Amino acid sequence: MDGKDATSRPLRGRFAPSPTGDLHLGNARTALLAWLSVRARGGAFVLRMEDLDKPRERPGAAERILRSLRWLGLDWDEGPDVGGPFGPYVQSERAALYDEAVRRLLDAGLAFECWCSRKEVTAAASAPHLGEEGPRYPGTCRVPDPLRAAERRAQGRMPAIRFRVPPGPVAFEDGICGPQRIDVSEQVGDFVVRRADGVAAYQLAVVLDDAAMQITEVLRGDDLLSSTPRQILLYEALGLPVPRFCHVPLVVGPDGERLAKRHGASTLFELMERGEDPRAVCGALAELSGLARPGERLTPRDLVPRWDPERILRTPARLQPRWLAQSA
Ligand code: GLU
């Protein structure tokens, strides 16, 4: 309870939303849990806006996310609207940091230029590897082909940069999901750290930012569990300290399916606009995590003494119909 982690770095957690739309209650619950986990132990909380995917960004979403999180009762010590020693807290303003790391990886031979189009990767990959994450990269550009590169450059194309993934499994202990072992080289292969349009990929940006912002605990949705071994490989390649990872189950609709638009679940911003009591919303989010009884009204602060990571139900949390829009 002294605000330090096992490595005696000061405890720092974060929430890192993408401004692609309003937060649904699943995202809001993740934010609440990330906040509680560090606040219960006297740690600092950082808010970072992950806005690298410009085509998917919605105008005004970043501001609506911050407003609705504050309405819920969360606060942060550092963030886009409050500043802090490790800013800027908006990824699109941090490109120089990402470029420098890409350069270092290239210079060390830990990354390489890849001229393959998506179509070529799919065509070259073997069928069993066509998973949710796309096909495993077949390694085409691991050995440079200067002729092919020159040809593509002459066509005005630019290469993506891929991380050279070492063979063998990556093992880590997740604070909630327990021991994990994933073979990145088999499942994903060499992954992109900078896209052909010059923008850093999520996997690289998140590692560099969490390291630069001295984050010691990453608590996020378990949809990102499979990304974590890729990120651990990058921490190691760049000589950065690996944070503790905790992946919380996603919130599902009353039908047990992952919360989606078709459930008609209101977003946090909509609940705020329609005049709901934020303590009722916070209570419902806490109930989904085994931290409150049905119908309790609570602020995040009220939950601090109740925080117990063991109580986060390890199965997906099911949203009650009360929180679905009337029209659904
Ligand atoms: N920006 C990512 C998202 O909104 C989350 C990144 C993370 O927590 O590592 O899905």
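The values are calculated or read from the model by the stated rules, or taken from the named source; none is laboratory data. Keep in mind it's a predicted model, so treat the numbers as computed, not measured. Every residue, glycine among them, receives a Cβ derived from its backbone with ideal geometry; neighbour counts consider all protein chains shown.
Some points to look at:
- Residue list for the range 154-179, filter: charged (D, E, K, R) and within 21 Å of the chain's Cα centre (by Cα): R162, E173, D174
- The range 7-20 - residue that is within 10 Å of the ligand (Cβ to nearest atom) and among the small types (G, A, S) and, of those, nearest to S289 (Cα to Cα): A16
- Which listed residue is over 17 Å from P243 (Cα atoms) and modelled with pLDDT of 95 or more, from A34, A62: A62
- None of P85, P55 is part of a loop (DSSP other than H, G, I, E, B) and over 30 Å from E276 (Cα atoms) except P85.
- Test: residue in the range 200-221 that is β-branched (V, I, T), away from the ligand (no atom under 16 Å from the Cβ) and touching a residue at least 24 places away in the same chain (Cβ under 8 Å): no
- Top-ranked residue of the range 230-263 - restricted to ones that are in contact with a Pro (Cβ under 8 Å, 6 or more places away or on another chain) and in a helix (DSSP H, G or I), ranked as farthest from the ligand (Cβ to nearest atom): H263
- Checking each residue in the range 218-245 for being crowded, with 21+ Cβ neighbours inside 10 Å and under 26 Å from R64 (Cα atoms) picks out V218, L219, R220.
- Residues of the range 62-107 that turn out to be out of contact with any helix residue (DSSP H, G or I) (no Cβ under 9 Å at 6 or more places or on another chain) and under 19 Å from D22 (Cα atoms), as a count: 4
- Candidates S68, S18 - the one that is among the polar types (S, T, N, Q) and more than 15 Å from the chain's Cα centre (by Cα): S68
- Some residue of the range 30-45 being part of a strand (DSSP E or B) and within 16 Å of the ligand (Cβ to nearest atom): yes
- Test: P88 is within 16 Å of the ligand (Cβ to nearest atom) and farther than 30 Å from P254 by Cβ: yes
Let's see how each residue does on (1) farther than 17 Å from L23 by Cα; (2) within 20 Å of the chain's Cα centre (by Cα); (3) surrounded by fewer than 20 Cβ atoms within 10 Å (Cβ to Cβ); (4) at pLDDT below 90:
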residue: L250; (1), (2), (3), (4): no, yes, yes, yes
residue: L285; (1), (2), (3), (4): no, yes, no, no
residue: R293; (1), (2), (3), (4): yes, no, yes, no
residue: D308; (1), (2), (3), (4): yes, no, yes, yes
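- The residues on offer are A200, A211, A196, and the sole one that is buried (at least 19 other Cβ atoms within 10 Å of the Cβ) and under 20 Å from D107 (Cα atoms) is A200.
- Residue within the range 161-177 that is modelled with pLDDT of 95 or more, more than 30 Å from V248 (Cα to Cα) and part of a strand (DSSP E or B) present: yes
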